[in-house]
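Note sheet for the following structure.
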Amino acid sequence: MNIAYRFRIYPTEEQKILLGKTFGCCRFLYNQMLNDKIREYKKTKKLLKNTPAMYKKEYSFLKEVDSLALANVQLNLEKARSDYFAGERGAPKRKKKHQCKDSYTTNRVGKNIRIEDGGLRLPKINGLIELSMHRPIKPNGTLKSVTVIREPDGKWYFSILIEYPAEEVELSDGLQKFFASGDINAISGIGLDMSVPFLYIDSSGNKPSYELNGREIKFVKQYRKLEKRIAKEQRRRSHMVKDSNNYNKQSEKIARLHAKAKHRREDFLHQIAVRLVRTYDVIAIEDLDIAAMKKALSLGKSVSDVGWGRFTAILEELCLKYGKILVRVSRWYPSSKTCHHCGYKNDDLQLSERIYVCPVCGNIMPRDKNAAINILEEGLRILKENIFRPSVEGYSKPALITTIA
């Protein structure tokens, strides 16, 4: 089991120069290796097997940086090429300075990477890099690799990957009763219907919120909140000379606003996800195609600002950690058009109709709440069909259930 810890770092000016050189060398090597592969493939229709060592003679500055960082460049390029030929992704593109992410990954070999005296020691970097450990690292783990990241707002981070022995996940009491007896009523479940204005509406009709210091924190679209400030700073930058000192300072200022929206959104999603997983045994959600929603509904900016994809990823991780189950309901399941009371499907329901009125049984309720209830019921049905076992013996950890239409 691997766990990644992300910490803020404060390198000195000398260390920033060395780290920046490593970023540049990794970017340069990636582009050179990609160019040679493309050129060789056009000539011979064969894949060139090139390595970083082949470039160090011609480009001696590559010897100044961590060799394991360059080795990871080769692995990343090979992965990108294999995904392209498998049809999973597009062709790998060249990396441009100021347009690609500034990061590199190095692996632990022996004691070349170690945490000591409140800092982290890395290969080819002089001295300890100051580390702000805002939370303790779980003991009895083996440090595997470190990724150094420089965000566009100028802040530096370490992502430390640590490997731990696999542990059995203890199921919640409700799930243990369900596996022992098959009684679906022993489970506490909740259904979530994705909402652009509020992130989601649950099967009780509630919107996401939590209390902090006696104050209720509600969902806010963080980018929309800062959009006017970002637009104002972008207009100022448009009058500056590109790549000048003032232009670069203004770019960092804009990046800080984007980072503020990102971090606030991430914090809210984590707070809500933790509370849901600790409260319920089963969480049922829709398996939505977020990329298609951005294009088809002309809601790209709002859908991205909601962060539904990131929210579901957090739920998956926490469900595995706390012994709960996340059920994905097919995106083609008509949760909004089906009356949860009598099962009638209203094919003429329009997106603008926010209240569901059943013409058969007369059931009237908010459209999103009706959909969330249907999602929960369908999720429990999927759970009973796919997960039920006569006893809990031998069951080590819950599975993430995904239905495919």
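Under a 5 Å amide H cut-off, with hydrogens placed 1.01 Å from N, Tyr356 pairs with Met365, Arg367 among residues at least 5 apart or on other chains. Placing a pseudo-label 7 Å from each Cα along the Cα-to-Cβ vector at Asn76 and Tyr344 gives an inter-label distance of 5.7 nm.
A crude spin-label estimate for the pair Ala166 and Asn246, with each label 7 Å from Cα along the Cβ direction, gives 6.1 nm. In the complete set of protein chains, residue-level accessible area for Ser209 is approximately 40 Å², probe 1.4 angstrom.
Would you mind checking the pairs Lys295/Lys345; Lys155/Lys225; Lys101/Lys301; Lys49/Lys262; Lys124/Lys155; Lys253/Lys294 and listing those with alpha carbons more than 30 angstrom apart? Exceeds cut-off: Lys49/Lys262. Given +1 at the Cβ of Lys and Arg, -1 at the Cβ of Asp and Glu and no other charges, the dipole of the stretch 1-132 around its Cα centre is 760 debye to the nearest 20.
Legend: calculated FRET efficiency, Tyr10 to Lys321, from the Cβ-Cβ distance at R0 = 41 Å, rounded to 0.05, equals 0.85.
Rounded to the nearest 0.05, what FRET efficiency is calculated for Glu64 and Arg237 with R0 set to 35 Å and r the Cβ-Cβ distance?
It comes out at approximately 0.55.
The heavy atoms of Ser132 offer some 50 square angstrom of accessible surface to a 1.4 angstrom probe.
The gain in end-to-end length when the Glu216 to Asp173 segment is fully stretched comes to 12.5 nm, 0.36 nm per residue minus the alpha carbon separation. Shown are Glu211, Glu167, whose ranking by accessible area with a 1.4 Å probe and every protein chain present, most to least, is Glu211, Glu167. Note: the chain, Cα convex hull, 216 Å³ per residue. Ligands, DNA and RNA left out, the accessible area of the chain computed with a 1.4 Å probe is 49% carbon and sulfur. The label-point distance for Val196 and Ile38, in a model that sets each label 7 Å from Cα toward Cβ, rounds to 3.7 nm.
Between the residues Cys361, Leu161, Leu315, the greatest Cα displacement towards the positive end of the dipole of the chain, with unit charges on the Cβ of Lys, Arg, Asp and Glu, is found for Leu161.
Using the Cβ-Cβ distance between Lys21 and Asn185 with R0 = 41 Å, the FRET efficiency computed as 1/(1 + (r/R0)^6) comes to roughly 0.10.
Remark: the Lys49-Lys295 segment gains 84.7 nm on full extension, using 0.36 nm per residue and subtracting the alpha carbon distance. Of the residues Cys361, Cys26, ranked by 1.4 Å probe accessible area with the largest first, the sequence reads Cys361, Cys26. As a length-normalised measure over Cα pairs under 8 Å and 6 or more apart, the relative contact order of the chain settles at 17 percent.
Accessible area per residue of the stretch 22-79 at 1.4 Å probe, in Å²?
Working: 3330 Å² over 58 residues.
Counting only protein heavy atoms, the per-residue value for the stretch 22-79 is 57 Å².
Basic side chains Lys and Arg get +1 at the Cβ, acidic Asp and Glu get -1 at the Cβ, and with that the dipole of the chain about its Cα centre reaches some 2480 debye.
By the Cβ rule of 4.7 Å, the chain holds the following cysteines without a possible disulfide partner: Cys25, Cys26, Cys100, Cys319. The phi torsions of the stretch 132-149, fed into the Karplus equation with coefficients 6.51, -1.76 and 1.60 and a -60° offset, translate into couplings of 9, 8, 6, 8, x, 8, 4, x, 6, x, 10, 5, 9, 7, 9, 10, 9, 10 Hz, rounded to whole numbers, with Gly and Pro shown as x.
For Trp308, the accessible area of its heavy atoms, probed at 1.4 Å with every protein chain present, is near 10 square angstrom.
Rounded to the nearest 20, the size of the Cβ-charge dipole of the stretch 83-239 about its Cα centre is 1660 debye, with Lys and Arg at +1 and Asp and Glu at -1.
The values are calculated or read from the model by the stated rules, or taken from the named source; none is laboratory data. Just so it is clear, the model here is predicted, and its values are computed rather than measured. Positions of Cβ are generated from backbone atoms using ideal geometry, with glycine treated the same way; all protein chains shown enter the neighbour counts. Heads up: the accessible areas ignore ligands, DNA and RNA and are worked out on the full protein's heavy atoms, side chains in. Shrake-Rupley method; radii C 1.70, N 1.55, O 1.52, S 1.80 Å.
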